[in-house]
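Let me begin by presenting the structure, written as structure tokens, before commenting on it.
Laboratory data are not the source of any read-out in this text; all were calculated from the coordinates shown. For clarity, every value in this text was computed on a predicted model and none was experimentally measured. Here the Cβ positions follow ideal geometry from the backbone for every residue, glycine too, while neighbour counts run over all protein chains shown.
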Amino acid sequence: MNSGMNQVFRFCAQVIVVAVVSVNSSHAVDTVQVQLDVKKASPRAVESLTERGILRDYRFAWTSIAQALELNTQDPLEGPFTGEARESLKQTVAAQQGTNLSQQYTNQVHRVEAVFYAPEGDVMELHDTAEFQLRVSDGGKVIHDEHVVMHFVILMTPGADRWTIRQLQAVPQF
């Protein structure tokens, strides 16, 4: 099969995944907004195709986090995360599975700035100021509801067909 057909199949698979995600989650997909600023990235400038890929994959990653924590399943974490980030998120979900609790991250707005892009193009550091509504439920009953502002340092690395989050670290400030 030629590479053009492979790209068509990959695109169709991504559309199907997005459609399934849209049907299965009432909050996560529609409420993740990402604003990406790549002007200060250095030492390498971020190409427009890379910028679009980072934007798409970062949005999908936060949709996946929201789904994993709302539905108490690790499955959504498999694609967009790798290494330390995936293991840490899996541990968070596993700990939550032992309780009757679930979390909803809604109305997500992420203001992301690319601050480092390696000359080889193999890693990008992002700073994210994230705002969202956090609801914690116990057996379907909301026990905590608050507006949250958090800061994250993220390392993303390119894969065969997408960028993945290798490190996701909450920090007090930049």
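Annotations
- Column: log10 I(q)/I(0), Debye, Cα scatterers of the range 110-174, q = 0.27 Å⁻¹: -1.10
- Exposure proxy shown here: for Val109, Val38, Val142, the number of other Cβ atoms within 10 Å sets the order, fewest to most, as Val142, Val109, Val38.
- Here Asp122, Asp128 are placed in order of increasing Cβ neighbour count within 10 Å, fewest first, which gives Asp122, Asp128.
- Annotation for the range 59-118: GluC sites (Glu not before Pro) lying in DSSP loop with at most 16 further Cβ atoms inside 10 Å of their Cβ are Glu78.
- Net +/- balance of residues flanking Phe81 in space, Cβ distance below 13 Å, scoring K and R +1, D and E -1: -1
- Pair-distance distribution of the range 28-171: all C-alpha pairs, bin width 10 Å, starting at 0; shares per bin in whole percent are 12, 42, 33, 11, 2.
- Taking Ser102, Ser42, Ser64 and counting other C-beta atoms within 10 Å, the order from fewest to most: Ser42, Ser102, Ser64
- Neighbour net charge for Val136 - beta-carbon separation under 11 angstrom, K R +1, D E -1: -2
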